[in-house]
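The values are calculated or read from the model by the stated rules, or taken from the named source; none is laboratory data. The structure displayed is predicted, hence computed values, not measured ones. Neighbour counts run over all protein chains shown; Cβ positions are idealised from the backbone, glycine included.
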Amino acid sequence: MLRRRDLLLAAPLVLAAGAGFALQPRNRMSLLGDRKLEDIVPLAFDGWEVTPSNAMVLPKPREGSLADQLYDQQLSRLYTGEGRRPIMLVIAYGSTQSDTLQLHRPETCYRAIGFDVTGSERVDVGVAGARIPMRRLTASSNERIEPILYWTRLGDHLPTSNNEQRLMKLRTEMSGYIADGVLVRMSTVADPEPDVFRDIEQFSRSMLKAMGPSDRPALIGRPASSAMMTTPGAAA
């Protein structure tokens, strides 16, 4: 027979277990849905168009590997155009962001394959009324130098660091959701001069403007997409 003292000691444990169960996310947030990255990102816009290339630095999603588990879809394209700087675009999408499956930032991926990474800093890029927090950095090896601009989305959040990413994942889970996530990375091969980064920023603006309004949330979340949609001339 349980004693009153045993019941009093067990009560906090029962309450803690109940609270833990209540906080477990039961729903999924997918802003990409059943669409394909290759369908929502235009092949040509603002003077850039896709050119075949195998020059991109990509995670190798072997069957059963971490990259294979992390990313449900990947898109890699080289955009070129007359009077335009060539831009390499890589987008990686994961339908589930959890403690074990989280987007890997370029600072980690490039170092893993022997690049030196320098100058990583946050920049806020204005896009038709929206402010998109991004990071820019430079990856260098013996073969080439890559100025890089990228951002990540986790649910409706746009974290700019690993700490922010963990915090925003926790906030989403406490709201009852397991969110999807995306990494959008743009780079070129050049010295990391200010005008090079300006060109990459302009590419990011043009790409987002050229996308359909209903497709933009998959890359930048719903709040930023709504800010673009309420700005005259935001659509391509």
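Quick notes on this structure:
- Flag if A190 is in contact with a Ser or Thr (Cβ under 6 Å, 6 or more places away or on another chain) and farther than 19 Å from G129 by Cα: no
- Here is the figure for the range 216-236: residues that are of a type outside the set (A, V, I, L, M) and either assigned to a helix (DSSP H, G or I) or modelled with pLDDT of 95 or more (or both) total 7.
- Filtered by the rule that a residue be more than 18 Å from Y150 (Cβ to Cβ) and at pLDDT 95 or above, the range 48-80 gives E49, V50, T80.
- Residues of the range 167-204 satisfying the condition of being touching a residue at least 60 places away in the same chain (Cβ under 8 Å) and among the charged types (D, E, K, R): K169, E173, D180, R185, D199, E201
- Residue that is surrounded by the fewest Cβ atoms within 10 Å (Cβ to Cβ) [pool: residues in the range 27-43 that are of a type in the set (D, E, K, R) and either in contact with a His (Cβ under 7 Å, 6 or more places away or on another chain) or assigned to a loop (DSSP other than H, G, I, E, B) (or both)]: D34
- Candidates in the range 124-155 are the residues that are without any contact (Cβ under 8 Å) to a residue 40 or more places away in the chain and either under 18 Å from I87 (Cβ atoms) or surrounded by 14 or more Cβ atoms within 10 Å (Cβ to Cβ) (or both); of these, the one that is farthest from the chain's Cα centre (by Cα) is S140.
- Condition broken by T118, with the remaining ones in (1) crowded, with 16+ Cβ neighbours inside 10 Å; (2) more than 16 Å from the chain's Cα centre (by Cα); (3) among the hydroxyl-bearing types (S, T, Y) satisfied: (1)
- Test: residue in the range 150-161 that is modelled with pLDDT of 95 or more and farther than 19 Å from S226 by Cα: yes
- Among all residues of the range 168-175, there is at least one that is under 15 Å from S30 (Cα atoms) and touching a helix residue (DSSP H, G or I) at 6+ places or on another chain (Cβ under 8 Å).
- In the range 208-224 there is at least one residue matching the filter, namely being touching a residue at least 60 places away in the same chain (Cβ under 8 Å), over 28 Å from R84 (Cβ atoms) and of a type in the set (K, R).
- Condition check for D199: at pLDDT 95 or above, among the charged types (D, E, K, R) and in contact with a strand residue (DSSP E or B) (Cβ under 7 Å, 6 or more places away or on another chain): yes
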